[in-house]
Amino acid sequence: MAERMVGKQAPRFEMDAVMADKEFGKVSLEENMKEDKWTVLFFYPMDFTFVCPTEITAMSDRYDEFEDLDAEVIGVSTDTIHTHLAWINTSREDNGLEQLSYPLAADTNHQVSKDYGVLIEEEGIALRGLFIIDPEGELKYATVFHNDIGRDVDETLRVLQALQTGGLCPANWKPGQTTL
C-alpha cells in the first residue's frame, strides 16, 4: 500500500543539473529552504520526446510568475545532464528546448524518482509527477498522472497561489478571490 506523502516532510534531494545559464551545477531542496523559497518539483519521462518539451517550455515561458511567488522550479528526468544540455541546445523548431529559465536535474540513479513514487522501474523513467513544497520542507501538493498528458501551467500557478493564502480555498477558487 502506498504511503501518504502530502502533509509530511518532503524527501530531501540533491541532484546534478543543467542550470538556466547552461552550466552544470547542483539543485537541492535544502538550498531552496535556506532561501525561504517554495519548490515546484516536476518529473517528466525523458528528453527528446513529444509531450515533454511542450510542458517544459511552457513552464519556462511563465517562470517570472513563479519567481514572483517566491518559488523555484526544478524539472527532473532520469536522463543525464549531458542529454539535458544537448536538448536545451536544440531549437524549439527541432523539438528542443532552446533556452530554459530554470534547471533540469538528472536523477540518473533513480533515487529521487523512487522517493517521490513516480519511477516506472521496468522502464527506468518517471511518470509525470508535480510536487509543491513549502519553504519549511512540507509537501503541500502532489499529483501524478499518465505520461501521455502534459501539465497545465495555469493550474500549477493557481494551486501555488492557493497554498500561499494559508486559507481554505473553495472549488474553482481563483487568485484574488476570498478564501473561506
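The values are calculated or read from the model by the stated rules, or taken from the named source; none is laboratory data. Keep in mind it's a predicted model, so treat the numbers as computed, not measured. Quick reminder, even Gly has a Cβ in these numbers, built from the backbone with ideal geometry, and neighbours come from all protein chains shown. The area values use the complete protein model at the heavy-atom level, side chains included, leaving out ligands, DNA and RNA. Shrake-Rupley method; radii C 1.70, N 1.55, O 1.52, S 1.80 Å.
Here are the numbers for the structure shown:
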| item | result |
| --- | --- |
| Complete set of residues in region 1-47 that are assigned to a loop (DSSP other than H, G, I, E, B) and small (Gly, Ala, Ser) | Ala2, Gly7, Ala10, Ala20 |
| Asp152, sole failed condition from (1) within 18 Å of Met46 (Cα to Cα); (2) under 17 Å from the mean Cα position of the chain (by Cα); (3) without any contact (Cβ under 8 Å) to a residue 12 or more places away in the chain | (1) |
| Filtered residue count, region 91-128, keeping only those that are surrounded by fewer than 22 Cβ atoms within 10 Å (Cβ to Cβ) and out of contact with any Ser or Thr (no Cβ under 7 Å at 6 or more places or on another chain) | 16 |
| Residues of region 122-180 satisfying the condition of being small (Gly, Ala, Ser) and outside any loop (DSSP other than H, G, I, E, B) | Ala126, Gly129, Ala142, Ala162 |
| Residue under evaluation Met19, criteria (1) open to solvent by less than 70 Å² (accessible area, probe 1.4 Å); (2) within 23 Å of Asp148 (Cβ to Cβ), criterion not met | (2) |
| The listed residue being touching a Gly at 6+ places or on another chain (Cβ under 7 Å) and of a type in the set (S, T, N, Q), out of Thr83, Thr90 | Thr90 |
